[in-house]
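None of the figures in this text is laboratory data; all of them are computed from the coordinates on show. Since this is a predicted model, take the numbers as computed values, not measurements. Cβ: placed from backbone, ideal geometry, glycine included. Neighbour counts: every protein chain shown.
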Amino acid sequence: DQQVKQNSPSLSVQEGRISILNCDYTNSMFDYFLWYKKYPAEGPTFLISISSIKDKNEDGRFTVFLNKSAKHLSLHIVPSQPGDSAVYFCAASSLNYGGSQGNLIFGKGTKLSVKP
Amino acid sequence: DGGITQSPKYLFRKEGQNVTLSCEQNLNHDAMYWYRQDPGQGLRLIYYSQIVNDFQKGDIAEGYSVSREKKESFPLTVTSAQKNPTAFYLCASSIVGKRAFFGQGTRLTVV
């Protein structure tokens, strides 16, 4: 059973517009959430994170929103650029729990295409 | 990300052979991980280690083995028991529970 779900396999947006990538989770013990960006044949690179004590974290063009009651987070990219075209993975873990709970659990990814 | 080195980048294996993928990190991280990526499957955890000389199975450990004799190194062996070994393998390291830093990956192909 997937604990982290990204229900949209792909998303296409126009350059300059907003990209919104969504992620849902089922494990209520998750308290730390991350977004990674991945190009083909490369390792993922960290983009932005948020802990459960916040509902928003912003870094330049990237903002992550967390809705704990809905177990939902989203990544907003404004404005979108062609170089943002990549696969975006949502990940979650439990910082306050030891053992396997500290491992990152990944969603299946959303492929973003930003068209010029 | 800098500090995590996977080798080789491409690897070809004949059916029935074992093969070992290398992963080295110089970030002084206690935790290291191996993930497998298949098309449309995201990243699935194979094995993880949170301390030297200790490691745990992830979600898809069957057909794989690991060792953690040094903090810096976490090699993954893909054994002949792994039914579908062709995939993209990613190694990562982290402070336990914190964000992971990934290597550039190894593409393994069975020929």
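Laid out as a table, the results:
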{"quantity": "Residue match in the range A:19-28 (condition: free of Cβ contacts under 8 Å to residues at least 24 places away in the same chain and not in a strand (DSSP E or B))", "calculated": "no"}
{"quantity": "Tally of residues being within 14 Å of another protein chain (Cβ to nearest Cβ) and of a type in the set (Gly, Ala, Ser) across the range B:50-72", "calculated": "2"}
{"quantity": "Tally of residues being in contact with an Asp or Glu (Cβ under 8 Å, 6 or more places away or on another chain), part of a strand (DSSP E or B) and exposed (fewer than 14 other Cβ atoms within 10 Å of the Cβ) across the range A:57-93", "calculated": "1"}
{"quantity": "Flag for residue B:90 being touching a residue at least 60 places away in the same chain (Cβ under 8 Å), over 20 Å from residue A:35 (Cα atoms), surrounded by 13 or more Cβ atoms within 10 Å (Cβ to Cβ) and touching a strand residue (DSSP E or B) at 6+ places or on another chain (Cβ under 9 Å)", "calculated": "no"}
{"quantity": "Complete set of residues in the range B:10-34 that are in contact with a Leu (Cβ under 9 Å, 6 or more places away or on another chain), crowded, with 17+ Cβ neighbours inside 10 Å and without any contact (Cβ under 8 Å) to a residue 60 or more places away in the chain", "calculated": "B:34"}
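One line per residue, one yes/no per condition, for (1) farther than 20 Å from residue A:70 by Cβ; (2) in contact with a Lys or Arg (Cβ under 6 Å, 6 or more places away or on another chain); (3) surrounded by 13 or more Cβ atoms within 10 Å (Cβ to Cβ):
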residue	(1), (2), (3)
A:4	no, no, yes
A:21	no, no, yes
A:25	no, yes, yes
A:31	no, no, yes
A:37	yes, no, yes
A:40	yes, no, no
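Each row is one residue, and each column tells you yes or no for (1) more than 10 Å from chain A (Cβ to nearest Cβ); (2) over 15 Å from residue B:31 (Cβ atoms).
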{"position": "B:74", "(1), (2)": "yes, no"}
{"position": "B:80", "(1), (2)": "yes, yes"}
{"position": "B:87", "(1), (2)": "yes, yes"}
{"position": "B:96", "(1), (2)": "no, no"}
{"position": "B:99", "(1), (2)": "no, no"}
{"position": "B:111", "(1), (2)": "yes, yes"}
